[in-house]
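Asks: Dropping a structure here in structure tokens format, bear with me for questions.
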Amino acid sequence: MEPKTVLLLLAIIALLAGSYTVYASIKNKHKDYSHRKLKHRIIQNVLGVDGARVFYGFLGIGLIIFGFFILFQFYVKPNLGNEYNNKTDQFTLVSKTINTGDYTMTSSTTSTLKQLETTLRVTGEEKLEDYVSADFSNNYLNQIPEIVWKMKNLKRMDFTYNNITDIDLSQLSKMDSLTTIILSNNPITTAKIETLKANTNLEIIH
């Protein structure tokens, strides 16, 4: 079962349980000792009848809030605009480490796809071979940008919090330097992840 399906079921259970608990509190369904479990008797003995009703009321409200939180966080928020989910069209590229003996230097640049394309018109696509890490987390990507496949020396790619549902295995197999790809919080299925793992030697974090 997919993680998002499990979260959806959890949210539904929380909403149903919370709604019933609030209803039971309002109707004082716990007043009949003959049908009450030990834990309910303890709560009522400690808090009293009215205190128990308030306790169950707040418990139900908490469950309802929890259920709505899950639905919003995993099903609504990813589809909202940038002002709600902190997504961006920027990404960070890290270049190769330069060792001179006296010091070690690693440079990084933050850009957008349009800005990078403009830069490459001046520097040439050879510049792409300088990059060893690409961080595209919190973007709006539905697929891995074509320009990424030209970064032949990438060792690590991070696509956390995107909308990627599939990856071109033929392109991925050509990334000889790549060791790690992070796909956490993407709607790509577990079956597709397993296929990628079976056909590559990559560490795939999902």
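The values are calculated or read from the model by the stated rules, or taken from the named source; none is laboratory data. Only a predicted model underlies this, so the values are computations on that prediction, with no experimental measurement involved. Glycine also receives a Cβ, built like all others from the backbone with ideal geometry; neighbour counts cover every protein chain displayed. The accessibility values were calculated without ligands, DNA or RNA, using every heavy atom of the protein model including side chains. Shrake-Rupley method; radii C 1.70, N 1.55, O 1.52, S 1.80 Å.
Asks: I'd like the full set of residues that are open to solvent by less than 90 Å² (accessible area, probe 1.4 Å), over 22 Å from ILE182 (Cβ atoms) and part of a helix (DSSP H, G or I), limited to the stretch 118-134.
Replies: Residues satisfying the conditions are THR118, THR119, LEU120, THR123, LYS127.
Asks: May I pose another question? Take the residues in the stretch 135-151 that are in contact with a helix residue (DSSP H, G or I) (Cβ under 6 Å, 6 or more places away or on another chain) and either aliphatic (A, V, I, L, M) or over 28 Å from THR190 (Cβ atoms) (or both), then tell me which one is most open to solvent (accessible area, probe 1.4 Å).
Replies: LYS150
Asks: If you take the residues in the stretch 156-206 that are part of a strand (DSSP E or B) and in contact with a Phe, Trp or Tyr (Cβ under 9 Å, 6 or more places away or on another chain), which one is farthest from LYS96 (Cα to Cα)?
Replies: Result: ILE182.
Asks: Quick one: count up the residues across the stretch 165-181 that are surrounded by fewer than 18 Cβ atoms within 10 Å (Cβ to Cβ) and among the β-branched types (Val, Ile, Thr).
Replies: Here is the first cut: in the stretch 165-181, the ones surrounded by fewer than 18 Cβ atoms within 10 Å (Cβ to Cβ) are 165-166, 168-171, 173-174, 176-177, 179-180.
Among the residues that remain, those that are also among the β-branched types (Val, Ile, Thr) are: 165, 179-180.
Residues flagged as surrounded by fewer than 18 Cβ atoms within 10 Å (Cβ to Cβ) and among the β-branched types (Val, Ile, Thr) within the stretch 165-181 amount to 3.
Asks: Enumerate the pairs (first residue in the stretch 182-203 and open to solvent by 70 Å² or more (accessible area, probe 1.4 Å); second residue anywhere and of a type in the set (Val, Ile, Thr)) with beta-carbon separation below 7 Å, excluding pairs fewer than 6 apart on the same chain, so at least 6 apart or on different chains.
Replies: ASN185/THR160; LYS197/ILE204; GLU203/THR179; GLU203/THR180
Every residue, every condition in (1) modelled with pLDDT of 80 or more; (2) in contact with a Phe, Trp or Tyr (Cβ under 7 Å, 6 or more places away or on another chain); (3) over 30 Å from LEU141 (Cβ atoms), yes or no:
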residue	(1), (2), (3)
LYS29	no, no, yes
PHE55	yes, no, yes
PHE58	yes, no, yes
ASN79	no, no, no
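Asks: Here's a follow-up. Let me spell it out: the conditions are (1) modelled with pLDDT under 80; (2) open to solvent by 90 Å² or more (accessible area, probe 1.4 Å); (3) in contact with a Gly (Cβ under 9 Å, 6 or more places away or on another chain), and ILE65 meets all of them except one. Which number is the exception?
Replies: With respect to (1) modelled with pLDDT under 80; (2) open to solvent by 90 Å² or more (accessible area, probe 1.4 Å); (3) in contact with a Gly (Cβ under 9 Å, 6 or more places away or on another chain), ILE65 is out only on (1).
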